[in-house]
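Written below as structure tokens is the structure these notes are about.
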Amino acid sequence: MRTLFDHLSDEWNRTTLDQKVDMLQRVLQSEKITLPVLLLQYRYYYEEELANKAYVVDAIEDSLEILLQHALTK
């Protein structure tokens, strides 16, 4: 998930913005999870289960903004 939500990570740099948008779209179209729930679980994982990496959640909003801007300009 850092590929999608952490623009400061190495994982982010391994895929293009088009690939990220496609991944997120496929996850959400599966209807197995909603974006709010996905983000809640992502936050919980890094704030509680990997508390030493709590800083990871600080990049969520900027990462989503990058993805949204990219998707809207296609």
Cα Rg, Dmax (largest Cα-Cα span) when computed across the stretch 18-61, Å:
11.8, 32
Please identify the helices of the chain, taking whole runs of DSSP H, that span at least 24 Å along their own axis as judged from the Cα atoms and have a mean Kyte-Doolittle score of -1.0 or higher.
none
Any chance you could look up the accessible area of L35 with a 1.4 Å probe, heavy atoms only, rounded to 10 Å²?
50
Would you mind getting the accessible area per residue of the chain, heavy atoms of the protein chains only, 1.4 Å probe, in Å²?
69
Tally up the carbon and sulfur contribution to the accessible surface of the chain as a whole percent, 1.4 Å probe, everything protein left in place.
53
Rounded to one decimal in nm, the spacing of the 7 Å Cα→Cβ label points at E49 and I33 is 0.9
Between beta-carbons, use under 14 Å as the cut-off and find the net charge around V57, counting Lys and Arg +1, Asp and Glu -1.
-4
Hull volume per residue for the chain, using the convex hull of the C-alpha atoms, in Å³ is 83
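The values are calculated or read from the model by the stated rules, or taken from the named source; none is laboratory data. Values in this document were obtained by computation on a predicted structure and should not be read as measured data. Glycine also receives a Cβ, built like all others from the backbone with ideal geometry; neighbour counts cover every protein chain displayed. Surface accessibility is based on the protein's heavy atoms, side chains included, excluding ligands, DNA and RNA. Shrake-Rupley method; radii C 1.70, N 1.55, O 1.52, S 1.80 Å.
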